[in-house]
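Notes follow once the structure below has been shown.
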Amino acid sequence: MRTLEIIKALNELLEPEKFKDYAPNGLQVEGNSETQCVLCGVTASEELIDKAIELGAQTILVHHGYFWKNEDPRLIGIKRNRLKKLLEHNINLVAYHLPLDVNTRLGNNVELAKKLKLVDAKPLEEEPMVWMGELPNSLSIEELSNKLETNLNRQPVVFSVDLRTFVKTVALCSGAAQDFFETAVRAGAQAYLSGEVSERTVLEARELKIPYFCIGHHASEVLGIRALSEWLANRFPSLSVGFLDIPNPV
């Protein structure tokens, strides 16, 4: 089928035109005009590209693509090696960053909220990148940590004054969203989850007396691209769609 037909359907779902992002969304590297096989993954690493070549995929669909704001524009080193393989094998690279984080149907945040079974989970009015909802039952910090480990296959790093504290209202934002910590607390969050942590975040957790869960950037963003791969397979039954989760502890 036409590659542009696939991209059109993805754009209609994810609405990238509504976002001022750090990298271009949609088609980033043009390859084959026809696609029979799509390989999906979190990041367009060389390992993912090699697997796409092995499978004979014409298109790669990821959350983290290329051409980030303020990055070195030169085609050298890792970037040169990755692009060389894409171009030599005529593979399209399609990426969606913020649109996949916040999509209300299958984005990273809503998928994480589903894993935790949060009730009435929705974006904050003050900051739509952050979602908040309530656990079905209050959990201790330790219990919530165990629940996250079970669902994400990764033990979170927790910064909390007291692990015996019980929480019910949880806010979350996938990726590197530690800067929204105070925003979430002002909105009423009793715990905050995100993918990364900074030195200052530890101090904020202590002073706010609110637990901060660092669940890993990769772990917080694998859910959305997996859900998108499933959506794509259902949307186009004749298309071969694969998903590859390349382990990343960070």
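Read-outs: derived from the displayed coordinates by stated rules, not from any lab. Computed from a predicted model, the values in this text were never measured in an experiment. So basically every Cβ, Gly included, is an ideal-geometry build from the backbone, and we count neighbours across all protein chains shown.
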Helix 199-208: inclination vs the chain longest Cα principal axis, degrees, rounded to 10, gives 40 degrees
Treating only Lys and Arg (+1) and Asp and Glu (-1) as charged, each at its beta carbon, one finds that the chain has a dipole about its Cα centre, in Debye to the nearest 20, of 220 debye
Taking every alpha carbon pair in segment 108-214 and sorting the distances into 10 angstrom bins from 0 up to the bin holding the longest one, the percent per bin comes out as 16, 56, 27, 0
Quick calc: nm separation of the 7 Å Cα→Cβ label points for Q155 and K20 -> 4.2 nm
By Cβ neighbour count within 10 Å, fewest first, L4, L86 rank L4, L86
One finds the C-alpha centres of segment 72-102 and segment 1-66 to be spaced, in Å, by 9 Å
Any residue on another chain or 5+ positions along whose placed amide H is under 5 Å from the amide H of L193 is listed here as A171, L172, C173, F213
Taking 0.36 nm per residue of separation between L75 and N137 and subtracting their Cα-Cα distance, the length gained on full extension comes to 17.2 nm
Counting Lys and Arg as +1 and Asp and Glu as -1 over every other residue whose Cβ sits under 13 Å from the Cβ of Q155, the net charge comes to 0
re the chain: pairs of Cα atoms spaced beyond 27 Å account for a percent value of 38 percent
Per residue convex hull volume, Cα only, segment 63-163, in Å³ is 176 Å³
Any lysines whose Cα falls less than 30 Å from that of K122, other than same-chain ones fewer than 8 residues away, would be K8, K18, K20, K69, K114, K147, K168, K209
antiparallel share of DSSP beta bridges within segment 108-214, to nearest 5, in %, is 65 percent
